1. Calculate the spin-label point distance for residue A:290 paired with residue A:121, positioning each point 7 Å from the Cα along the beta-carbon direction, and give it in nanometres.
2. Give me a single rounded figure for A:91-101: the average over its residues of other chain Cβ atoms within 10 Å of their Cβ.
3. About its Cα centre, how strong a charge dipole does the protein assembly as shown have in debye, to the nearest 20, once Lys and Arg get +1 and Asp and Glu get -1 at the Cβ?
4. Work out from phi, with θ = phi - 60° and the Karplus expression 6.51 cos²θ - 1.76 cosθ + 1.60, the ³J(HN,Hα) of each residue of segment B:245-250, listed in order in whole Hz, and give x for Gly and Pro.
5. Of A:302, A:338, A:274, which is farthest on the positive side of the dipole of segment A:269-345, counting Cα position, with +1 on Lys and Arg Cβ, -1 on Asp and Glu Cβ, and the Cα centre as origin?
6. Under a 5 Å amide H to amide H cut-off, with H placed in plane at 1.01 Å, what residues pair with residue A:34 once short-range neighbours are removed?
7. Going by amide H atoms built from the backbone, whose H comes under 5 Å of the H on residue A:29, apart from near neighbours?
8. Taking the Cα centre of chain B as origin and charging only Cβ (+1 Lys, Arg; -1 Asp, Glu), how large is the dipole, in debye to the nearest 20?
Amino acid sequence: MQEEKKSLIETRDLSIGYHHPRHGQKVLHSNICVKLEAGEFACVLGPNGSGKSTLLQTLCGFLPRLSGEVCIAGKQIDKVSNRQLSLLASVVLTERVTVSNMTVFDLVSLGRTPYTGFFGRLKSRDLELVTEAIQSVGLEGFEERLITNMSDGERQKAMIAKALVQETPLIVLDEPTAFLDLPSRIEIMHLLRKLAHQHNKAILLSTHDLDLALQMADKVWLLAEGRKMETGTPEDLVLTNEFRRFFEREGILFDNDTGQFTVEKQKVKTIRIVGKGIEYKWVSRALARRGFAASDEPFSGFQVEVKSDGKREYLLTGPDGKIQKLRTIEDLLTQLEHEEATLLTE
Amino acid sequence: MQQFLEKYLSGRQLTVFWLSGLAVLSLTLFVLNLILGSVNIPFWSVIQALAGDLQMDDSWRLIVLKSRLPQAITAILAGAGLAVGGLQMQTLFRNPLAGPSILGISSGAGLGVALVLLVAGKIGGVALSHLGFTGHLSVALAAFAGASLVLTMVLFLSRHLKDNAMLLIVGIMVGYAASALVGILKFYSMKEDVHAYVIWGLGSFSTVSWSQMSVLFPVVTLGLFGSFFLVKPLNVMLLGEQYAGNLGINISLSRLLIILCTGLLTATITAFCGPIAFLGLAVPHLTKGLFRTSDHKVLIPAVILAGIAVALFSNLIARLPGFDGALPINAVTSMIGAPVVIWVILKGKNLRTPGV
């Protein structure tokens with residue numbers, strides 16, 4: 001049992017891009033060698049225009065590859081027919097599907113198309129699978145709802161159910177969370193991760209939600225224009241500074257400690273912050289926004305003491321030693337600004 | 001009424017209810033088409049004439065067999081064919097404004113007819129409109145030739161244009177070009193010929209003789225039959241071409257077959273009945289409003305029945321006593337149909353998303 005984990009996507013020296021009728025080929029990326037295995041949840045990350053969609057569309061056969069090889073479940077993609085491919089890979093695309101009079105059940109049943117006969121009639125096994133898939137994406141009770149009357153998040157779940165009933169070992173999603181609000185994004189990512197692990201499917205998606213991808217993806221593929229693609233476990237990519245290299249621009253910093261982006265501020269002033277816990281963290285953030293770098297050293301400038309036991313209080317000590325008691329961070333910031341101003345005029 | 005029905009009937013029962021309702025309605029309208037007209041013929045006499053009883057009144061027998069029966073059958077074929085064509089185009093292009101004429105096929109037919117009516121009249125020195133039966137037949141042939149020419153062009157282009165939206169634009173452009181040529185021809189033609197062209201353009205179910213029926217009937221039946229075989233690709237095409245391709249459908253073949261099916265129906269019907277507006281666009285919308293489904297397994301038989309009913313009804317109105325002779329069929333279909341469609345759309349709940 002050496003081949004227990006099957007590679008569902010494997011590329012060798014793949015080049016992707018476009019054939020342009022007049023300007024010849026436009027190569028976006030070349031020499032791509034990636035692998036995706038069953039049970040893995042992978043995210044493709046990259047700025048706009050970095051070729052995420054092109055990569056995904058090439059991998060599922062919508063766009064011709066420029067050179068190299070793409071193998072889906074061990075089969076070369078241009079040697080399998082459309083029909084065979086439909087049994088290997090299913091897709092969910094960015095575009096909103098709006099078809100009037102189509103119910104969730106109708107939509108999900110279309111996923112059985114590769115298995116149904118000439119007129120597309122559903123057998124009892126198909127009906128079972130459709131019901132099951134609708135349940136596993138959490139849409140039970142929505143079967144008869146029209147897809148035009150659903151929120152974007154619910155519709156995206158229905159599309160995922162459609163991909164599920166297609167019973168393919170690989171599911172490719174092109175920005176499935178693009179139109180969604182934050183809670184729905186988390187929900188969808190969570191759902192996909194669960195499906196990958198429970199059903200042992202390989203799931204590949206492109207997204208702009210870096211922090212979600214960092215938290216949930218087993219593998220991350222990083223793309224940027226004019227750079228070699230990097231792949232790996234998200235934590236490794238953070239530690240080797242790949243995230244920084246791919247996403248930092250002027251004024252935007254990637255914080256390797258928190259895995260988040262921060263907007264670069266000119267932190268010239270320092271302030272001493274004393275305290276602990278969550279209040280300490282949020283006070284530091286608020287002060288950082290105002291251009292104060294936190295420091296633990298005692299010095300003669302401003303000092304904030306955060307009291308987090310029982311009553312929440314913020315004690316602001318000025319350079320003159322005067323202490324102010326403040327209830328909220330907002331008050332603290334106002335007071336600080338005020339004292340700074342008086343200090344300057346004096 | 002729709003709400004009332006939905007309360008008591010399940011989706012499937014509702015479908016059966018409306019399908020049988022439409023079938024009964026079509027049958028009734030068919031019989032009325034044979035009975036009513038400038039001369040009212042009693043039901044039993046109609047049956048006698050149909051049964052081939054030679055003892056009855058000769059003039060009644062001739063009216064039923066030579067005029068009303070072919071006219072009603074033509075209406076049935078045209079209604080069903082155009083409605084199916086419209087449904088297929090709306091699905092293929094995912095556009096609620098698409099109809100069977102969207103590919104420029106009707107304009108092609110128009111151009112063919114214009115060439116025959118206007119140019120032949122000029123060269124031969126005889127207005128073809130005076131030639132009676134030969135005139136009719138050559139008009140039909142010309143229309144079919146024009147329509148086939150455009151259809152061949154569209155089929156050829158559809159192999160090279162990957163994008164349906166581009167194909168749609170090309171179809172519309174071909175239509176404009178054909179209309180422009182017709183305009184030029186009209187400008188240089190005799191009044192009688194232009195009049196004949198205008199008459200053809202208004203559409204009619206009454207010009208099809210039994211010998212022409214032997215062409216119209218098999219072709220339209222073939223087209224309708226073929227549309228049932230396209231149910232699966234049509235259903236998947238609703239999601240767009242990429243999803244359809246991913247579901248294992250051969251897109252270019254399906255698209256070719258859908259265009260061919262619609263093209264055949266539209267070209268033949270336009271050749272014999274003139275460019276009948278509206279039916280192909282409106283009937284699918286009416287049907288979707290009634291059946292509330294996107295499944296072509298239901299929609300195709302439904303639009304066929306609805307198309308038949310609407311065409312027979314329009315034909316009946318056009319022939320009402322008082323309208324000397326017969327009203328042009330296009331005037332009737334559009335005048336009844338437009339308000340009905342607006343009413344359906346306003347009543348529908350899906351105002352926000354027109355979709356397909």
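1. 7.4 nm
2. Taking the mean over all residues of the peptide, I get 6.
3. 1460 debye
4. Per-residue couplings from phi come out as x, 5, 8, x, 7, 7 Hz.
5. Going by the charge dipole, the pick is A:274.
6. A:11
7. A:16
8. Working: 20 positive and 10 negative charges, 181 e Å.
In total the dipole reaches around 860 debye.
We did not get these values from a lab; they are worked out from the coordinates using the rules stated. All figures in this text were calculated on a predicted structure; none of them were measured in a lab. Cβ: placed from backbone, ideal geometry, glycine included. Neighbour counts: every protein chain shown.
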